[in-house]
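Everything on this sheet refers to the single structure shown next.
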Amino acid sequence: MVLKCCPFHPALTRLLPFFIMLLFVRWEEEKYEDGVKWKFLEHNGPYFPPEYQPLPDNVNFFYKGEKVKLSPAAEEVAVFFAQMLDHEYTTKKVFRENFFKDWRKEMTPEEKSLIKDLEKCDFREIHAMHKAKVEARKSMSKEEKQVIKEANQKIVEEYGYCLLDHHRERIGNFKIEPPGLFRGRGEHPKQGMLKKRIQPEDVIINCSKDSRTPIPPAGHHWKEVRHDNTVTWLASWTENIQGSIKYIMLNANSKLKGEKDWEKYEVARKLKSCVDSIRNQYLLDLKSKEMVKRQRAVALYFIDKLALRAGNEKEEGETADTVGCCSLRVEHITLHNQLDGNEWVVEFDFLGKDSIRYYNKVPVIKKVFKNVNLFMENKEPGDELFDRLNTNLLNKHLSSLMPGLTAKVFRTYNASITLQQQLKELTNKSDNVAEKLLSYNRANRAVAILCNHQRAPPKTFEQSMANLQAKIDARKEQLALAKTELKQAKKEAKSKGNSDPKLQTLVERKKAAVKRCEEQLLKMEVQATDREENKQIALGTSKLNYLDPRISVAWCKNMDVPIEKIYNKTQREKFAWAIDMTEADFEF
DNA sequence: TTGTTTACTTAGGAGAGTACGA
DNA sequence: TCGTACTCTCCTAAGTAAACAA
């Protein structure tokens, strides 16, 4: 099939099998024995943020209106707070309390005994200095910006790459996270706490034995240097807020990540072939005598139909109160026998990952409805809906149905299959590229809605919408005028018996003007619709994480749409494997 | 069986960079 | 040419899930 539509020179055509083999090798070369991720790994270690620079003498902190010279450690933390003063969260009680508590830990005994009330602290000079710095950076000349850019380039060149099994690979996040005040998402109980500066003594380096070990910054040493080739990370450290481990890993365009991504979509495609029998099974399980099975079946029904996340249990008080499917509580569900003309409606209202609200009213089958009703009986609002179920149990069951199957595979599968269906339904080969792209975005949007990928409406949204509307109105007026002029021209031409060539040309010109106006108006109206529909929806997340790129590549090939129209440079790099290997007839 | 640790993917926001229209 | 609006990149938090420990 490659050959039959191949546009290459015959000599190249003969070489094609070789190229294909090369591609194959590039993406699927030497699978190592189980768990081994690499044989050779060399890098220069992470890049550390610059040391703290104390405030100049003319910038001061005040307590109860008195100038106070803070010790460097206390001053640095004060600066973190001062920099955030424009943000709403510095007004939040939890944030302020956490900050003040951690700030006091950095103070000298004298400072501690003096500074006892955050309300009496005046950070305004520090804040002003910070704002001035930001302003100065913005108004730098082209040349100054160029100098900074080149310095950054140099850092990337030195720390941004590693050598992994003969390939020079980009590192995703080669910089150690700088210290600052922690801002979790949503109502995070730890917001405002001090995120401490990471020292080389906190960092574990991972590289191969026979590589050049990264050299720690002068006067420092690493916490540990290990040689574990069953993991993909190059360096790690433990963060002080949650005590979780942070990793330095490869960029998404690396071979290792690419292979993993490809595998993910292959598992989802495998689900396609057995999803019917899995669905039949959980529908049967809805009637099971065992409560565990019925709960499992209902949870699976939600995960499959609504693309809910698994919902691991989390430690209370450590993070914002969010849930997924298995951790849903009674208070997140309202049942309606009848609602808006539908029977058996389940109303969901809960905060999911990143404290993004999930709100949905879903008509379900009667058996599911009755089961949920049963699960809720004799429970308090704060009780778990699925009290016999957890993600571990659910995934154990799933992997027994299909190797590699877990709850999150359903999200990938349903997202990708939805994109493929929507693209088929919405696009016509005869459309122009703009129309095809609108269809693509609509298909993408359908997936984003399914997965509940939201964003905050852009701050300038109302304004920019109003601007666009003003433009539309102006264009409408212009169109009305053009139409009147056309009418007038026609009338004049007719009065001359349609015989004056000059008047005929004028009529044609006016007709063209009307047409142009109508087209522009339509384009703007489409744009307005698109923007309005996209107000609170983020398309990027599904594109990057849930949609098999081969669907999009094949669609581009079929529709003669350049791949650059749907994937930007980073996305093309990440999906290079798909762009290389996908034919127009690819089916998810 | 249950809790803990680890490794990895998924996520939205901020700010930098770029394009586009007045 | 400038300002504004949109896009992209970076950042790092917040999930999932498997391995391991008790």
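For A:Ser400, the accessible surface of its heavy atoms amounts to roughly 90 Å² (probe 1.4 Å, protein chains only, rounded to the nearest 10).
Pairs from the list A:Lys314/A:Lys379; A:Lys264/A:Lys543; A:Lys305/A:Lys543; A:Lys105/A:Lys196; A:Lys131/A:Lys459; A:Lys92/A:Lys138 with a Cα-Cα gap above 23 Å: A:Lys92/A:Lys138. Of all aspartates and glutamates in the structure, those lying under 15 Å Cα to Cα from A:Lys523, and not within fewer than 8 positions of it along the same chain, are A:Asp431, A:Glu435, A:Asp473, A:Glu532.
Element breakdown for chain A at a 1.4 angstrom probe: carbon and sulfur atoms account for 53% of the accessible area. Helical runs (DSSP H, four residues minimum) scored at -39500 (n - 2.57) apiece and divided by the length of chain A put the mean residue ellipticity at 222 nm at -16000 deg cm²/dmol. If R0 is taken as 30 Å, the Cβ-Cβ distance between A:Arg572 and A:Asp276 corresponds to a FRET efficiency of 0.30. Extending 7 Å from Cα along the Cβ direction at A:Asp340 and again at A:Gln536 yields two label points whose distance is 1.3 nm. Counting only the Cα atoms, segment A:258-405 fills a convex hull of 134 Å³ per residue.
Counting charges near A:Phe95 (Lys, Arg +1; Asp, Glu -1) among other residues having Cβ under 10 Å from its Cβ returns a value of +3.
Modelled spin-label separation between A:Glu33 and A:Ile365, with each label point placed 7 Å from Cα along the Cα-to-Cβ direction: 4.8 nm.
Straightening the chain between A:Asp585 and A:Gln488 buys 29.5 nm, computed as 0.36 nm per residue apart minus the Cα-Cα spacing.
With K and R counted +1 and D and E -1, the other residues having a Cβ less than 12 Å from that of A:Lys293 yield a net charge of +3. Remark: segment A:517-525, residue by residue, has Karplus-estimated 3J(HN,Hα) of 4, 5, 4, 5, 4, 4, 4, 5, 5 Hz, where x stands for each Gly or Pro and the curve is 6.51 cos²θ - 1.76 cosθ + 1.60 at θ = phi - 60°.
Taking the Kirkwood radius as Rh and the Cα radius of gyration as Rg, segment A:80-142 has a ratio of Rg/Rh equal to 1.08.
The trypsin sites (Lys or Arg not before Pro) of segment A:387-442 meeting both criteria, a DSSP state outside H, G, I, E and B (loop) and at most 13 other C-beta atoms within 10 angstrom of the site's C-beta, are A:Lys429.
A cut-off of 5 Å between modelled amide H atoms, ignoring neighbours fewer than 5 places along the same chain, links A:Gly352 with A:Val323, A:Arg357, A:Tyr358.
Averaging 1/r over every pair of different alpha carbons in segment A:298-380 and inverting the result gives a Kirkwood radius of 13.4 Å.
Label zone of A:Ala73 (point 7 Å out along Cα→Cβ, amide N under 19 Å): in segment A:93-112 this covers A:98-112. Extension gain, A:Asp117 to A:Glu435, is 108.5 nm, computed as 0.36 nm per intervening residue step minus the present C-alpha separation.
Working from label points 7 Å from Cα in the Cα-to-Cβ sense, the A:Asp473 to A:Ser211 distance is 6.1 nm. Each residue of chain A gets 275 Å³ once the volume of the Cα convex hull is shared out per residue.
Among residues other than A:Ile198 with Cβ under 12 Å from its Cβ, the summed charge is +2 (Lys and Arg +1, Asp and Glu -1). Under 13 Å from a point 7 Å along the Cα-to-Cβ line of A:Glu224: which residues of segment A:161-197 have their amide N that close? So the set is empty, nothing qualifies. Given R0 = 25 Å, the distance between the Cβ atoms of A:Glu143 and A:Gln53 translates into a calculated FRET efficiency of 0.60. Only the Cβ atoms of Lys and Arg (+1) and of Asp and Glu (-1) were treated as charged; on that basis the dipole of chain A about its Cα centre amounts to roughly 2060 debye.
Between segment A:28-70 and segment A:422-482, the alpha-carbon centres lie 41 Å apart.
Quick one: if the Förster radius is 45 Å, what FRET efficiency do A:Glu110 and A:Ser355 give, using the C-beta to C-beta distance and rounding to 0.05? With R0 = 45 Å, the Cβ-Cβ based efficiency is 0.65. Around the amide H of A:Ala235, modelled in the peptide plane, lie the amide H atoms of A:Asn206, A:Ile248, all under 5 Å away and 5 or more residues distant in sequence or on another chain. Looking at segment A:348-443, the GluC sites (Glu not before Pro) that sit in a DSSP loop and have at most 11 other Cβ atoms within 10 Å of their own Cβ are A:Glu377. Surface analysis of segment A:258-405 yields an accessible area of 51 Å² per residue, using protein heavy atoms and a 1.4 Å probe.
The values are calculated or read from the model by the stated rules, or taken from the named source; none is laboratory data. Computed from a predicted model, the values in this text were never measured in an experiment. Glycine gets a Cβ as well: all are built from the backbone with ideal geometry, and neighbour counts include every protein chain shown. For accessibility, only protein heavy atoms count, side chains too; no ligands or nucleic acids. Shrake-Rupley method; radii C 1.70, N 1.55, O 1.52, S 1.80 Å.
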